[in-house]
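The values are calculated or read from the model by the stated rules, or taken from the named source; none is laboratory data. Model, not experiment: these values are computed from the prediction. Glycine gets a Cβ as well: all are built from the backbone with ideal geometry, and neighbour counts include every protein chain shown. For accessibility, only protein heavy atoms count, side chains too; no ligands or nucleic acids. Shrake-Rupley method; radii C 1.70, N 1.55, O 1.52, S 1.80 Å.
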Amino acid sequence: MERIAEIEAMAAAARRAWREGKRIGFVPTMGYFHAGHLRLMERARGECDLVVVSLFVNPAQFGPGEDLEAYPRDLDGDAAKAAAAGVDIFFLPRAESLYPPGFRTWVEVRELTDKLCGRSRPGHFRGVATVVNKLFHIVQPHRAYFGLKDYQQYRVIGRMAADLNWDLEVVGVETVREPDGLAMSSRNVYLSPRQRQSALALSRSLQRARELVEGGERRAGTIVEMVEGQITAQPETRIDYVSVCDPETLTEVDRIDGEALLALAVYVGKARLIDNIILKAP
Ligand code: AMP
């Protein structure tokens, strides 16, 4: 595995791959790899000729008072895991080169970003869309892989890629979970053992919601109430949102007809955790 920090060197490697007719698979990350990240890399490895993983903790997507400084880091551990997953290029751009002095240009995806996490993290998706667009320019991927755990991000990037005429495929990869159901996240390291227990209510209530819908429940309000009840019953939890919405537009729905996204964000202690599930009315 090659480590590249310079943007020009990365762009040159991408041009070489294109000349040689190789398909580039790209996995953008913020590091501190767990099995969820590795699943994306393995998927890219299985489908592409050159696998590029970027690690960049993007300051532009963190709000004031969020965990930018505290965000967990383990560069050597990440490099070893990426190499073992068969990654070809580990791209580690520097903040000064992605955001040069005088930086003034942003990518804004309207409407999709006002909802769910966008409401409590203003500017977050602007930061995500901007940096991913920049990384696409540098890496020139044929396919880019995103986790469905960050469902809204997956939709925002898909919209951005279509709107900006990117000739690439945005691939969504199923959420990887711990054996007890907790969605894997770099932020899970913030949890104390007691909070880790409380956090189980997220995936558990999503599963319960799926059962209710399979049993005939169609009212979004009833589902939201059940989920909120299960979560607030656990110590050290504070709900940011629980929402049932259209999986494409992310607009809230009152009734579940066909498919709906049930998404939530919950503070457990100081960790802000997200999870979601697609509900299918039988
Ligand atoms: P991050 O490093 O948190 O920015 O995540 C990098 C990529 O990994 C994003 O596309 C995430 O959606 C994806 N990801 C994070 N956690 C998981 C998970 N538990 N399962 C699948 N993909 C994940």
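Those residues that are surrounded by fewer than 18 Cβ atoms within 10 Å (Cβ to Cβ) and either outside any strand (DSSP E or B) or touching a Pro at 6+ places or on another chain (Cβ under 6 Å) (or both), I need them from region 254-282; list them, please.
First, pick out the residues of region 254-282 that are surrounded by fewer than 18 Cβ atoms within 10 Å (Cβ to Cβ): 254-255, 257-259, 267, 270, 278, 280-282.
Listed by number, the residues that qualify are 254, 257, 258, 259, 270, 281, 282.
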Original post:
Somewhere in region 1-21, is a residue open to solvent by less than 50 Å² (accessible area, probe 1.4 Å), free of Cβ contacts under 8 Å to residues at least 40 places away in the same chain and among the β-branched types (Val, Ile, Thr)?
Top reply: no
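Matching residues to (1) of a type in the set (D, E, K, R); (2) under 18 Å from residue 150 (Cβ atoms):
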{"site": "178", "(1), (2)": "yes, yes"}
{"site": "185", "(1), (2)": "no, yes"}
{"site": "188", "(1), (2)": "no, yes"}
{"site": "191", "(1), (2)": "no, no"}
{"site": "197", "(1), (2)": "no, no"}
Original post:
With (1) surrounded by 18 or more Cβ atoms within 10 Å (Cβ to Cβ); (2) in contact with a Gly (Cβ under 8 Å, 6 or more places away or on another chain); (3) closer than 22 Å to residue 270 by Cα as the list, and residue 206 as the residue in question, which single condition is left unmet?
Top reply: (2)
**OP:** Would you check which residues across region 29-73 are within 21 Å of residue 176 (Cβ to Cβ), open to solvent by 30 Å² or more (accessible area, probe 1.4 Å) and not in a helix (DSSP H, G or I) and list them?
**Re:** 30, 32, 34, 73
Original post:
Are any of the residues in region 162-172 open to solvent by 10 Å² or more (accessible area, probe 1.4 Å), closer than 30 Å to residue 14 by Cα, at pLDDT 95 or above and touching a Leu at 6+ places or on another chain (Cβ under 6 Å)?
Top reply: yes
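Kindly check whether there is at least one residue in region 187-195 that is open to solvent by less than 70 Å² (accessible area, probe 1.4 Å) and within 17 Å of the chain's Cα centre (by Cα). If you could, list the steps in order and put the result at the bottom.
Taking region 187-195 as the starting set, the residues that turn out to be open to solvent by less than 70 Å² (accessible area, probe 1.4 Å) are 187-188, 190-192, 195.
Applying the additional criterion that residues be within 17 Å of the chain's Cα centre (by Cα) yields 187-188.
Checking region 187-195: at least one residue is open to solvent by less than 70 Å² (accessible area, probe 1.4 Å) and within 17 Å of the chain's Cα centre (by Cα).
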Subject >> Checking residue 31 against (1) of a type in the set (Gly, Ala, Ser); (2) at positive phi; (3) more than 9 Å from the ligand (Cβ to nearest atom), the condition it does not meet >> reply: (3)
**OP:** Report, by residue number, each residue of region 116-168 that is among the charged types (D, E, K, R), closer than 23 Å to residue 68 by Cα and outside any helix (DSSP H, G or I).
**Re:** 121
Original post:
If you scan region 209-253, which residues turn out to be assigned to a strand (DSSP E or B) and under 25 Å from residue 191 (Cα atoms)?
Top reply: 237, 238, 239, 240, 241, 242, 243
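Give me a count of the residues in region 238-253 that are crowded, with 21+ Cβ neighbours inside 10 Å and not hydrophobic (A, V, I, L, M, F, W, C).
Within region 238-253, the first condition is being crowded, with 21+ Cβ neighbours inside 10 Å, and the residues that meet it are 242-244, 250.
With not hydrophobic (A, V, I, L, M, F, W, C) added as a condition, the list becomes 243.
Within region 238-253, residues that are crowded, with 21+ Cβ neighbours inside 10 Å and not hydrophobic (A, V, I, L, M, F, W, C) number 1.
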Original post:
Of all residues in region 39-70 being of a type in the set (A, V, I, L, M) and near the ligand (Cβ under 9 Å from one of its atoms), which is farthest from residue 270 (Cα to Cα)?
Top reply: 40
Original post:
Which ones in region 138-161 are surrounded by fewer than 22 Cβ atoms within 10 Å (Cβ to Cβ) and among the basic types (Lys, Arg)?
Top reply: 143, 149, 159
